[in-house]
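Q: Okay, handing you the structure first.
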């Protein structure tokens with residue numbers, strides 16, 4: 001008789017996860033056709049479905065986040081609807097492209113930003129109270145840039161996906177959906 | 001080869017291609033008749049090729065020409081890998097290499113000037129076609145085969161540069177407001193011309 005498998009202690013945090021398929025379903029309700037990305041660790045479950053090729057969304061893999069923003073700008077110029085999936089560090093790396101295309105050029109960029117590095121003791125609390133700069137800087141920085149953001153802290157926040165998407169269309173500029181914990185499998 | 005002469009030749013052969021330009025080639029194209037399917041990547045040094053990639057993927061029925069600079073290509077060199085990975089068969093990347101930054105203003109050497117082999121880098125990254133052209137006659141002779149050949153395609157154009165204009169007698173140049181609104185205006189012009197939904201409100 002084999003010993004029963006021990007359940008991963010990480011499962012206790014699953015209530016903060018939003019299933020990847022639910023995110024893709026929301027993207028489709030928004031009409032999103034393309035994803036440009038440098039992959040994000042907390043969104044690996046989402047990336048795996050997208051890379052599987054059966055989601056109906058086309059993925060453009062980029063080597064830097066500024067490229068991901070620029071490719072999204074080009075896709076928009078060509079008439080396509082796009083989500084830019086990055087992590088917090090990637091958003092920091094791509095600020096000049098966000099400034100040029102999202103803010104100065106008024107391209108409606110929809111960012112999906114994972115909170116890489118968030119300590120699990122902060123889950124359920126305000127990410128601005130995180131001890132980690134990579135986490136707590138994100139929302140204030142977006143505010144400084146004039147980029148409105150919505151949190152995805154669990155399944156109850158699913159409507160925020162469409163809210164953030166629609167706001168990018170309404171304001172003709174960038175908006176951000178902030179993914180607070182690992183996307184669910 | 002002068003940048004303006006190369007741009008005139010490429011403009012003659014563009015057909016219904018969409019053009020994304022930046023740096024010296026942008027200044028040269030500004031001297032030619034307006035193309036409603038052209039946009040400037042400005043001020044966003046390094047971004048032209050990736051914007052062109054997005055356009056090429058969105059509009060596979062048309063060619064997309066990117067008129068890049070050597071220093072701007074170097075700023076996002078990994079973009080060559082992204083382009084080769086996406087395999088856009090309608091993507092033509094022309095890099096105007098004068099080995100100079102702020103050409104005609106301050107004329108500072110580009111890192112790798114006259115040493116880095118850009119055409120070889122594009123080939124190594126997986127472009128389907130890559131070449132270096134050093135004079136206008138050669139460009140004219142080879143352009144039809146470039147445009148009818150495999151893509152993504154990379155063409156390094158070795159071009160001349162003007163003397164610097166900034167100095168004691170002309171100590172500064174101010175950027176106009178138009179410099180910062182131009183890219184968005186031209187993106188919206190392309191969308192209108194292509195018949196895309198007018199999502200951006202004025």
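Q: Look through B:44, B:74 and report the one residue that is modelled with pLDDT of 95 or more, within 14 Å of chain A (Cβ to nearest Cβ), assigned to a helix (DSSP H, G or I) and under 25 Å from residue A:96 (Cβ atoms).
A: Step by step, each of B:44, B:74 is checked, and only B:74 is modelled with pLDDT of 95 or more, within 14 Å of chain A (Cβ to nearest Cβ), assigned to a helix (DSSP H, G or I) and under 25 Å from residue A:96 (Cβ atoms).
Q: For the stretch B:140-191, how many residues are in a helix (DSSP H, G or I), surrounded by 11 or more Cβ atoms within 10 Å (Cβ to Cβ) and touching a residue at least 24 places away in the same chain (Cβ under 8 Å)?
A: Residues in the stretch B:140-191 being in a helix (DSSP H, G or I), surrounded by 11 or more Cβ atoms within 10 Å (Cβ to Cβ) and touching a residue at least 24 places away in the same chain (Cβ under 8 Å): 12 in total.
Q: Additional query: Which one of these does residue A:46 not meet: (1) within 13 Å of chain B (Cβ to nearest Cβ); (2) surrounded by 24 or more Cβ atoms within 10 Å (Cβ to Cβ)?
A: (1)
Q: Here's something else I'd like to know. Go through (1) buried (at least 24 other Cβ atoms within 10 Å of the Cβ); (2) closer than 27 Å to residue B:174 by Cα and name the single condition residue B:93 misses.
A: Tallying (1) buried (at least 24 other Cβ atoms within 10 Å of the Cβ); (2) closer than 27 Å to residue B:174 by Cα, residue B:93 fails exactly one: (2).
Q: Shifting gears a bit: Among the residues of the stretch A:1-22 satisfying the criterion of being in contact with a strand residue (DSSP E or B) (Cβ under 8 Å, 6 or more places away or on another chain) and crowded, with 19+ Cβ neighbours inside 10 Å, which is nearest to the other protein chains (Cβ to nearest Cβ)?
A: Taking the candidates together, the pick is A:20.
Q: Filter the stretch B:77-87 down to residues that are surrounded by fewer than 24 Cβ atoms within 10 Å (Cβ to Cβ) and out of contact with any strand residue (DSSP E or B) (no Cβ under 7 Å at 6 or more places or on another chain) and give me whichever is nearest to the other protein chains (Cβ to nearest Cβ).
A: Only one residue tops the list, namely B:78.
Q: Within the stretch B:119-130, can one find any residue that is away from chain A (no Cβ under 14 Å) and part of a loop (DSSP other than H, G, I, E, B)?
A: Yes: the stretch B:119-130 contains one or more residues that are away from chain A (no Cβ under 14 Å) and part of a loop (DSSP other than H, G, I, E, B).
Q: Please go through (1) closer than 27 Å to residue A:139 by Cβ; (2) out of contact with any strand residue (DSSP E or B) (no Cβ under 9 Å at 6 or more places or on another chain); (3) at the interface with chain B (Cβ under 7 Å from one of its Cβ atoms); (4) free of Cβ contacts under 8 Å to residues at least 60 places away in the same chain for residue A:62 and return the number of the only condition it doesn't satisfy.
A: Status for residue A:62: all satisfied but (2).
Q: OK, next. Return yes when residue A:182 is in contact (Cβ under 8 Å) with a residue 60 or more places away in the chain and surrounded by fewer than 18 Cβ atoms within 10 Å (Cβ to Cβ) and no when it is not.
A: Answer is no for this residue.
Q: Of the residues B:6, B:38, B:28, only one is surrounded by fewer than 24 Cβ atoms within 10 Å (Cβ to Cβ) and farther than 18 Å from residue B:188 by Cβ; which?
A: Result: B:28 is the single residue among B:6, B:38, B:28 that is surrounded by fewer than 24 Cβ atoms within 10 Å (Cβ to Cβ) and farther than 18 Å from residue B:188 by Cβ.
Q: How many of the residues in the stretch B:49-62 are more than 7 Å from every other protein chain (Cβ to nearest Cβ) and either surrounded by 23 or more Cβ atoms within 10 Å (Cβ to Cβ) or in a strand (DSSP E or B) (or both)?
A: Number of matching residues: 2.
Q: If you don't mind, another one. Applying the selection to the stretch B:23-41, what residues are more than 11 Å from chain A (Cβ to nearest Cβ) and assigned to a loop (DSSP other than H, G, I, E, B)?
A: Passing the criteria: B:30, B:31, B:32, B:33, B:34, B:35, B:36.
Q: From the list A:125, A:121, exactly one residue is surrounded by fewer than 20 Cβ atoms within 10 Å (Cβ to Cβ) and assigned to a loop (DSSP other than H, G, I, E, B). Which is it?
A: Sole residue among the options that is surrounded by fewer than 20 Cβ atoms within 10 Å (Cβ to Cβ) and assigned to a loop (DSSP other than H, G, I, E, B): A:125.
Q: Let me ask something else about it. Could you pull out the residue among B:69, B:112 that is modelled with pLDDT under 95 and within 20 Å of residue B:45 (Cβ to Cβ)?
A: The match here is B:112.
Q: From the list A:90, A:73, A:102, which one is closer than 20 Å to residue B:82 by Cβ, touching a residue at least 40 places away in the same chain (Cβ under 8 Å) and within 12 Å of chain B (Cβ to nearest Cβ)?
A: A:102
Q: I'm checking my understanding of the structure. Among residues of the stretch A:146-179 that are surrounded by fewer than 17 Cβ atoms within 10 Å (Cβ to Cβ) and touching a residue at least 12 places away in the same chain (Cβ under 8 Å), which one is nearest to residue A:123 (Cα to Cα)?
A: The qualifying residue nearest to residue A:123 (Cα to Cα) is A:155.
Q: One residue is enough: does the stretch A:97-106 have a residue meeting the conditions buried (at least 24 other Cβ atoms within 10 Å of the Cβ) and either closer than 16 Å to residue A:47 by Cβ or touching a strand residue (DSSP E or B) at 6+ places or on another chain (Cβ under 7 Å) (or both)?
A: no
Q: List the number of the failed condition for residue A:116; all other conditions in (1) away from every other protein chain (no Cβ under 14 Å); (2) under 18 Å from residue A:76 (Cα atoms) hold.
A: (2)
The values are calculated or read from the model by the stated rules, or taken from the named source; none is laboratory data. Bear in mind that the values here come from a model prediction, so they are computed numbers and not experimental data. Here Cβ is always computed from backbone atoms with ideal geometry, including for glycine, and neighbour counts include all displayed protein chains.
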